[in-house]
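Taking it in order: structure first as C-alpha coordinates, then the write-up.
The values are calculated or read from the model by the stated rules, or taken from the named source; none is laboratory data. Everything numeric here is computed off the predicted structure, so don't read it as measured data. Quick reminder, even Gly has a Cβ in these numbers, built from the backbone with ideal geometry, and neighbours come from all protein chains shown. Surface accessibility is based on the protein's heavy atoms, side chains included, excluding ligands, DNA and RNA. Shrake-Rupley method; radii C 1.70, N 1.55, O 1.52, S 1.80 Å.
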Amino acid sequence: MVMQIISDIHGSAADLRTAIDSFAAKKPDLLLLCGDFLNHGPRNDLPAGYDTKATAALLNEYKDKIICVRGNCDSEVDQMMLEFPCLNAYTTLFFPSARAETDSRTAVDVHTKTNCASGFVPNGRIFVHHGHLYDRPQLQKLLPAGTIVVSGHTHLTVLEEDGGLFYLNPGSISIPKCADGKTCALIETDAAGIKKILLCSIGGAELRSVEF
(Lines give C-alpha, C1' and ligand atoms only; values in the text may rest on other atoms or scores of the structure.)
Protein backbone atom coordinates (compact mmCIF):
# COMPACT_ATOMS: atom_id res chain seq x y z
CA MET A 1 0.00 0.00 0.00
CA VAL A 2 1.09 3.57 -0.72
CA MET A 3 -0.15 6.56 1.25
CA GLN A 4 0.51 10.13 0.15
CA ILE A 5 0.66 12.58 3.06
CA ILE A 6 -0.20 16.22 2.44
CA SER A 7 -0.50 19.03 4.96
CA ASP A 8 -1.22 22.74 5.14
CA ILE A 9 -2.76 23.22 1.72
CA HIS A 10 -4.20 26.58 2.81
CA GLY A 11 -6.43 26.88 -0.22
CA SER A 12 -3.78 26.59 -2.92
CA ALA A 13 -5.50 24.64 -5.67
CA ALA A 14 -2.44 24.98 -7.90
CA ASP A 15 -0.04 23.40 -5.41
CA LEU A 16 -2.53 20.68 -4.53
CA ARG A 17 -2.88 19.77 -8.20
CA THR A 18 0.90 19.63 -8.56
CA ALA A 19 1.28 17.40 -5.50
CA ILE A 20 -1.41 15.00 -6.66
CA ASP A 21 -0.34 14.86 -10.31
CA SER A 22 3.35 14.36 -9.49
CA PHE A 23 2.64 11.11 -7.64
CA ALA A 24 -0.20 9.78 -9.79
CA ALA A 25 2.09 7.11 -11.27
CA LYS A 26 2.54 5.60 -7.79
CA LYS A 27 -1.25 5.17 -7.56
CA PRO A 28 -1.61 6.04 -3.86
CA ASP A 29 -4.21 3.93 -2.10
CA LEU A 30 -4.85 6.60 0.53
CA LEU A 31 -4.51 10.36 0.72
CA LEU A 32 -3.66 11.31 4.30
CA LEU A 33 -4.32 14.99 5.04
CA CYS A 34 -2.97 16.68 8.17
CA GLY A 35 -5.28 19.69 8.23
CA ASP A 36 -5.53 23.33 7.14
CA PHE A 37 -7.36 22.59 3.93
CA LEU A 38 -8.96 25.76 2.59
CA ASN A 39 -8.08 28.89 4.55
CA HIS A 40 -4.73 30.68 4.51
CA GLY A 41 -5.01 31.82 8.12
CA PRO A 42 -4.43 35.30 9.56
CA ARG A 43 -0.65 34.83 9.97
CA ASN A 44 0.02 33.73 6.39
CA ASP A 45 0.18 35.54 3.09
CA LEU A 46 -2.10 34.26 0.35
CA PRO A 47 -0.37 31.30 -1.31
CA ALA A 48 0.09 31.10 -5.06
CA GLY A 49 -2.97 29.68 -6.79
CA TYR A 50 -5.25 30.46 -3.84
CA ASP A 51 -8.75 29.29 -4.74
CA THR A 52 -10.79 27.75 -1.96
CA LYS A 53 -13.62 26.56 -4.19
CA ALA A 54 -11.26 24.88 -6.63
CA THR A 55 -9.30 23.34 -3.75
CA ALA A 56 -12.47 21.89 -2.23
CA ALA A 57 -13.62 20.56 -5.61
CA LEU A 58 -10.26 18.86 -6.20
CA LEU A 59 -10.22 17.28 -2.73
CA ASN A 60 -13.76 16.04 -3.24
CA GLU A 61 -12.63 14.18 -6.36
CA TYR A 62 -10.52 12.00 -4.04
CA LYS A 63 -12.95 11.75 -1.13
CA ASP A 64 -13.04 7.94 -1.27
CA LYS A 65 -9.28 7.82 -0.58
CA ILE A 66 -9.03 10.61 2.00
CA ILE A 67 -8.33 10.16 5.70
CA CYS A 68 -7.78 13.45 7.49
CA VAL A 69 -7.70 15.50 10.67
CA ARG A 70 -8.78 19.03 11.46
CA GLY A 71 -6.24 21.85 11.45
CA ASN A 72 -6.29 25.02 13.51
CA CYS A 73 -7.43 26.99 10.44
CA ASP A 74 -10.34 24.65 9.70
CA SER A 75 -13.90 25.27 10.89
CA GLU A 76 -17.46 24.00 10.56
CA VAL A 77 -18.03 26.04 7.40
CA ASP A 78 -15.26 24.07 5.68
CA GLN A 79 -17.22 20.87 6.27
CA MET A 80 -19.98 22.43 4.17
CA MET A 81 -17.53 22.53 1.25
CA LEU A 82 -15.85 19.16 1.75
CA GLU A 83 -17.55 15.83 1.06
CA PHE A 84 -15.60 13.85 3.65
CA PRO A 85 -15.40 14.20 7.45
CA CYS A 86 -12.75 16.81 8.22
CA LEU A 87 -13.31 17.94 11.81
CA ASN A 88 -11.69 15.18 13.89
CA ALA A 89 -8.76 16.26 16.06
CA TYR A 90 -6.84 13.03 15.45
CA THR A 91 -7.09 9.61 13.88
CA THR A 92 -5.18 6.34 14.15
CA LEU A 93 -4.28 3.83 11.44
CA PHE A 94 -2.96 0.38 12.18
CA PHE A 95 -1.05 -2.03 9.96
CA PRO A 96 -0.30 -5.38 11.66
CA SER A 97 3.47 -5.52 11.86
CA ALA A 98 5.61 -8.64 11.64
CA ARG A 99 8.60 -6.30 12.05
CA ALA A 100 7.53 -5.53 15.61
CA GLU A 101 7.78 -9.21 16.49
CA THR A 102 11.57 -9.33 16.17
CA ASP A 103 14.42 -7.24 17.50
CA SER A 104 16.64 -8.15 14.56
CA ARG A 105 15.32 -5.37 12.36
CA THR A 106 16.54 -1.80 12.92
CA ALA A 107 15.63 1.50 11.35
CA VAL A 108 17.74 3.17 8.70
CA ASP A 109 19.17 6.58 9.55
CA VAL A 110 17.59 9.31 7.41
CA HIS A 111 20.91 11.08 6.88
CA THR A 112 23.50 8.32 6.46
CA LYS A 113 21.18 5.44 5.52
CA THR A 114 22.94 3.13 7.96
CA ASN A 115 21.40 1.31 10.89
CA CYS A 116 20.25 3.61 13.67
CA ALA A 117 21.66 3.12 17.14
CA SER A 118 18.12 3.58 18.47
CA GLY A 119 16.89 0.48 16.63
CA PHE A 120 13.41 1.95 16.14
CA VAL A 121 10.95 -0.68 14.90
CA PRO A 122 7.42 0.42 13.94
CA ASN A 123 4.63 -1.34 15.82
CA GLY A 124 2.18 -0.77 12.96
CA ARG A 125 0.38 2.19 14.57
CA ILE A 126 0.24 5.58 12.81
CA PHE A 127 -1.14 8.44 14.91
CA VAL A 128 -2.21 11.47 12.87
CA HIS A 129 -2.92 14.94 14.26
CA HIS A 130 -2.49 18.48 12.99
CA GLY A 131 0.20 19.40 15.50
CA HIS A 132 -1.27 22.22 17.59
CA LEU A 133 -2.95 20.17 20.33
CA TYR A 134 -0.35 17.58 21.41
CA ASP A 135 3.34 18.16 22.10
CA ARG A 136 6.03 15.46 22.28
CA PRO A 137 5.93 14.92 26.07
CA GLN A 138 2.16 14.38 25.86
CA LEU A 139 2.48 12.02 22.91
CA GLN A 140 5.13 9.95 24.69
CA LYS A 141 2.71 9.48 27.59
CA LEU A 142 -0.25 8.66 25.37
CA LEU A 143 1.26 6.43 22.69
CA PRO A 144 3.15 3.12 22.83
CA ALA A 145 6.74 2.92 21.68
CA GLY A 146 7.02 2.14 17.99
CA THR A 147 4.23 4.51 16.94
CA ILE A 148 4.75 6.73 13.91
CA VAL A 149 3.37 10.21 14.61
CA VAL A 150 2.28 12.22 11.57
CA SER A 151 1.52 15.93 11.88
CA GLY A 152 1.69 19.23 10.04
CA HIS A 153 1.04 22.76 11.39
CA THR A 154 4.62 24.09 11.59
CA HIS A 155 5.25 24.03 7.81
CA LEU A 156 8.64 22.49 8.70
CA THR A 157 9.70 19.05 7.50
CA VAL A 158 10.55 16.46 10.17
CA LEU A 159 11.73 12.87 9.80
CA GLU A 160 13.22 11.62 13.06
CA GLU A 161 12.97 9.22 15.99
CA ASP A 162 12.68 10.61 19.50
CA GLY A 163 11.86 8.87 22.76
CA GLY A 164 10.56 5.68 21.17
CA LEU A 165 8.28 7.42 18.66
CA PHE A 166 9.00 8.30 15.05
CA TYR A 167 7.92 11.75 13.90
CA LEU A 168 6.94 12.69 10.35
CA ASN A 169 5.97 16.19 9.31
CA PRO A 170 5.52 16.45 5.53
CA GLY A 171 5.86 20.24 5.62
CA SER A 172 3.49 22.46 3.66
CA ILE A 173 2.65 22.11 -0.01
CA SER A 174 1.86 25.82 -0.32
CA ILE A 175 3.54 27.98 2.35
CA PRO A 176 6.83 26.29 3.32
CA LYS A 177 8.88 27.65 6.20
CA CYS A 178 12.04 25.61 5.67
CA ALA A 179 14.75 25.15 3.05
CA ASP A 180 13.11 21.99 1.67
CA GLY A 181 10.46 24.14 -0.02
CA LYS A 182 7.01 22.83 -0.91
CA THR A 183 6.86 19.22 0.23
CA CYS A 184 4.74 16.16 0.90
CA ALA A 185 5.49 12.58 1.95
CA LEU A 186 4.78 8.95 1.17
CA ILE A 187 4.42 5.96 3.49
CA GLU A 188 4.80 2.52 1.94
CA THR A 189 3.63 -0.70 3.58
CA ASP A 190 4.02 -4.36 2.70
CA ALA A 191 2.97 -7.69 4.16
CA ALA A 192 5.31 -7.15 7.13
CA GLY A 193 3.84 -3.73 8.01
CA ILE A 194 5.20 -0.22 7.59
CA LYS A 195 8.17 -0.40 5.24
CA LYS A 196 9.35 3.06 4.17
CA ILE A 197 8.77 6.79 4.61
CA LEU A 198 9.80 9.23 1.89
CA LEU A 199 9.91 13.00 2.11
CA CYS A 200 9.52 14.55 -1.34
CA SER A 201 9.09 17.84 -3.14
CA ILE A 202 5.60 18.36 -4.54
CA GLY A 203 7.20 18.00 -7.96
CA GLY A 204 8.10 14.39 -7.18
CA ALA A 205 11.80 14.59 -6.22
CA GLU A 206 12.81 12.44 -3.24
CA LEU A 207 14.54 14.52 -0.55
CA ARG A 208 15.05 12.03 2.30
CA SER A 209 13.79 8.61 3.26
CA VAL A 210 13.87 6.04 6.04
CA GLU A 211 13.35 2.28 5.73
CA PHE A 212 12.31 -0.14 8.47
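Taking amide H positions as placed 1.01 Å from N in the peptide plane, with prolines and chain starts having none, which residues 5 or more places from Tyr167, or on another chain, fall under 5 Å of its amide H?
Those lying under 5 Å, H to H, from Tyr167 are Val149, Glu160, Glu161, Asp162.
Per-residue ellipticity at 222 nm for the chain, helices alone: DSSP H runs ≥ 4 residues times -39500 (n - 2.57), over residue total, nearest 500 deg cm²/dmol?
Details: 4 runs with 33 residues, N = 212.
Computed mean residue ellipticity for the chain: -4000 deg cm²/dmol.
If each residue of separation counts as 0.36 nm, what is the full-extension length gain between Ala14 and Tyr90 once their alpha-carbon separation is subtracted? Intermediate values should be presented prior to the final figure.
Working: separation 76, 0.36 × 76 = 27.36 nm, distance 2.66 nm.
Contour length minus the Cα-Cα distance gives 24.7 nm.
If you line up the long axis of helix 13-22 against the longest principal axis of the chain, both from Cα atoms, how many degrees apart are they, to the nearest 10?
40 degrees
Stretched out fully, how many nm does the piece from Lys63 to Thr154 gain, at 0.36 nm a residue minus the Cα gap? Could the numbers behind the result be given before it?
Numbers: separation 91, 0.36 × 91 = 32.76 nm, distance 2.50 nm.
Taking 0.36 nm per residue and subtracting the Cα distance, the gain is 30.3 nm.
Skip the ligands, DNA and RNA, and give the accessible area per residue of the stretch 157-212 with a 1.4 Å probe, whole Å².
Numbers: 1790 Å² over 56 residues.
Ligands and nucleic acids excluded, the result is 32 Å² per residue.
Once phi is turned into θ = phi - 60°, what whole-Hz ³J(HN,Hα) does the Karplus curve with 6.51, -1.76 and 1.60 give for every residue of the stretch 30-47, x standing for Gly and Pro?
Whole-Hz 3J(HN,Hα) from phi for the stretch 30-47: 10, 10, 9, 10, 9, x, 6, 7, 10, 9, 7, x, x, 9, 10, 6, 5, x.
Tilt of helix 52-61 relative to the longest C-alpha principal axis of the chain, in degrees (0 to 90, nearest 10)?
50 degrees
Between Lys53 and Lys26, 0.36 nm times their residue separation minus their Cα-Cα distance comes to what?
Numbers: separation 27, 0.36 × 27 = 9.72 nm, distance 2.67 nm.
So the extension gain works out to 7.0 nm.
Tell me, what does the Kirkwood hydrodynamic radius of the chain come to in angstroms if you use every pair of distinct C-alpha atoms? Intermediate values should be presented prior to the final figure.
Working: mean 1/r = 0.0585 Å⁻¹.
In the chain this quantity evaluates to 17.1 Å.
What percent antiparallel are the DSSP beta bridges of the chain, to the nearest 5?
Values: 30 of 43 bridges.
If I count the DSSP bridges inside the chain, around 70 percent turn out antiparallel.
Quick check: at a probe of 1.4 Å, how many percent of the accessible area of the chain sits on carbon and sulfur atoms?
Details: 4810 of 9430 Å².
Carbon plus sulfur share of accessible area: 51 percent.
What number comes out for the charge environment of His130, summing +1 per Lys or Arg and -1 per Asp or Glu over other residues with Cβ under 10 Å away? Show your work: numbers first, answer last.
Details: positive: Arg70; negative: Asp8, Asp36, Asp74.
It works out to a net charge of -2.
Scan around Asn88 for amide H atoms under 5 Å from its own, H built in the peptide plane at 1.01 Å from N, and keep only partners 5 or more places away or cross-chain.
Arg70
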